[in-house]
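As C-alpha cells, the structure follows; a few thoughts come after it.
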Ligand SMILES: *[C@@H]1O[C@H](CO)[C@@H](O)[C@H](O)[C@H]1NC(C)=O
Ligand SMILES: *[C@@H]1O[C@H](CO)[C@@H](O)[C@H](O)[C@H]1NC(C)=O
C-alpha cells in the first residue's frame, strides 16, 4: 500500500508542477496587434504613443503591423513612408520596453497591407520569394538586420498567401452550403500550392535557425481566408515557430460578401452556413494536424471592431441574419473612416444614441444568449429605403467568451486585432481598452 501511495503522490506532484509550469509559461497569453497606421490617422482615431501605453499593461506581445517586402530585392521593407523616415517609429515602439519590460515586441510582415500598384494585397511576391533559395537568403539577411537595428524581439510572418475566393451566394438561405465539402477543395487559388507549402516550411526552418542563436522569436499569423491545408505544413511549422495566431475572424465581410450581411466571426458552426466559417472548425483543423501538447502554441484571433452593411428595404425588419439584399459596406465611421468597419467606440456610441434622435436613429442591439454565434445591432431601412445599417461585432462580453473558449480548449491564448480599434480613450464607459481588459481577465 505504502509504496503505491508514495508513487501516487509523486505522480500528483508531477502533474501539479506540469500544470503550474503550463499556466505560467504557456497559456493565457495575450498577443496584441498594433496597427502602426493608427499613429498617423487623421482625427480622433489617431492613437498616440502615450495613449498606447495603458494597453501594454495587458499584453504579453505587441505585434507591430506591418512591414512589407520589396519585389526586386526580396528584402523586408517599411510600408509607411511617413513613419519609416529613418524608421523612427520602430524605435519609439521598441523603446516602450523600458517601461514595460514584460512585453515582447514583434515586427510583422505582410498582413494584407503590402499592396500592389493596383491597391490589392499582393501575394505574388510572397510566393516568388519562397521559390528561390537566393530570394529566401536575401530576405533572411534583411530580417536579421532589421530586428537587431530597431530592437525587435522577433519576427511575425503574416504571410500573404492567396486567399480563397468568396463563394457565390445566389439566395440567402442557400441549402447548397451543406453540400459544400471543403473550403477550397474544388477551386484552388494556386496551382503550385504543394511546392509553396514545402518552400514556406523551409523558410520557417531557415529563419528559426537564423534567429534562435540571438534568442529572437519567430511566429506565424494566418490571415483570414488563407487555407492552411493548401499552404501550411502544420507539423513542421509548429516545430519551428513559437506560436501561431489563427485567422479566426472576418469570415464574413462586406468586401467579400457585399449582398449578404452576416455574423463575421461565429464561435461555432451556424445552420446553413459554410461549415468552415467559425472559430471552432479552424481550431479543430489545426489540432487535428498535431499532437495535443501543441495546443498551447495556438491562439485565436478576436477583434475590437465590427463589420457593417447597408440594409435596404428588401432586407426586412427583423435584423435576423443572414441579411438578404444588403447594399455593400455601410458608410465609414466618424473616427476610423473605413467603409464597412466600425470600431468598438464607434459602435458603442451608436448604441447609446437616443431613439428619438432623428439625425442618426439609434441601433437596436440583439444579444446571443447561446454564447455560440455572436451579437449584432441594426436599424432597418426607412420608408425611402435609406439609413439601414447592420453590424456584427464583439463587445467586452463576447470577447471574454472567446477567451474562455481558448482556455477551455487548452490553447495558448488570444491574438487581439487590434489595440487601435478598442476604446483607448474610454469614451464609451470611462474605462480605457475595455475589450482588451475583458479578454485579459478571462484568460
Ligand atoms: C478532425 O478529425 C476528426 C476525426 O478524424 C474529424 O471527424 C473532423 O472532421 C476533423 N476536423 C477538422 C476540422 O479537420
Ligand atoms: C450605404 O448607404 C449610404 C446611405 O445610407 C449610401 O451613402 C452609400 O452609398 C451606401 N453604400 C453602398 C455600397 O451602397
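If you go through the range 348-365 one residue at a time, do you hit one that is away from ligand 2 (no atom under 14 Å from the Cβ), free of Cβ contacts under 8 Å to residues at least 40 places away in the same chain and part of a strand (DSSP E or B)? Yes, the range 348-365 contains a residue that is away from ligand 2 (no atom under 14 Å from the Cβ), free of Cβ contacts under 8 Å to residues at least 40 places away in the same chain and part of a strand (DSSP E or B).
The single condition from (1) under 18 Å from residue 265 (Cβ atoms); (2) part of a helix (DSSP H, G or I) that residue 378 fails is (2). Residue 416 - would you say it is under 30 Å from residue 294 (Cβ atoms), at pLDDT 95 or above and either within 16 Å of ligand 2 (Cβ to nearest atom) or surrounded by 22 or more Cβ atoms within 10 Å (Cβ to Cβ) (or both)? Criteria met by residue 416.
Put simply, of 322, 339 the only residue that is within 18 Å of residue 251 (Cα to Cα) and either over 21 Å from the mean Cα position of the chain (by Cα) or within 16 Å of ligand 1 (Cβ to nearest atom) (or both) is 322.
The numbered conditions (1) surrounded by fewer than 18 Cβ atoms within 10 Å (Cβ to Cβ); (2) modelled with pLDDT under 95 are all true for residue 365 except (2).
For every residue, the table says whether it meets (1) under 15 Å from residue 157 (Cα atoms); (2) at pLDDT below 95; (3) surrounded by fewer than 22 Cβ atoms within 10 Å (Cβ to Cβ); (4) within 16 Å of ligand 2 (Cβ to nearest atom).
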| residue | (1), (2), (3), (4) |
| --- | --- |
| 223 | yes, no, yes, no |
| 231 | yes, no, no, no |
| 234 | yes, no, yes, no |
| 242 | yes, no, yes, no |
| 245 | yes, no, no, no |
| 250 | no, no, yes, no |
| 258 | no, no, yes, yes |
| 261 | no, no, no, yes |
| 264 | no, no, no, no |
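In the range 226-253, the residue that is nearest to ligand 1 (Cβ to nearest atom) out of those that are in a loop (DSSP other than H, G, I, E, B) and within 24 Å of residue 401 (Cβ to Cβ) is 248. The number of residues in the range 283-316 being more than 16 Å from ligand 1 (Cβ to nearest atom) and closer than 30 Å to residue 423 by Cα comes to 15. Looking across the range 277-316, the residues that are over 23 Å from residue 397 (Cα atoms), more than 16 Å from ligand 2 (Cβ to nearest atom) and in a loop (DSSP other than H, G, I, E, B) come down to 289, 290, 291, 316.
The values are calculated or read from the model by the stated rules, or taken from the named source; none is laboratory data. Please read these numbers as outputs of a predicted model, since none were measured by experiment. All Cβ positions, glycine included, derive from the backbone under ideal geometry; neighbour counts span all protein chains shown.
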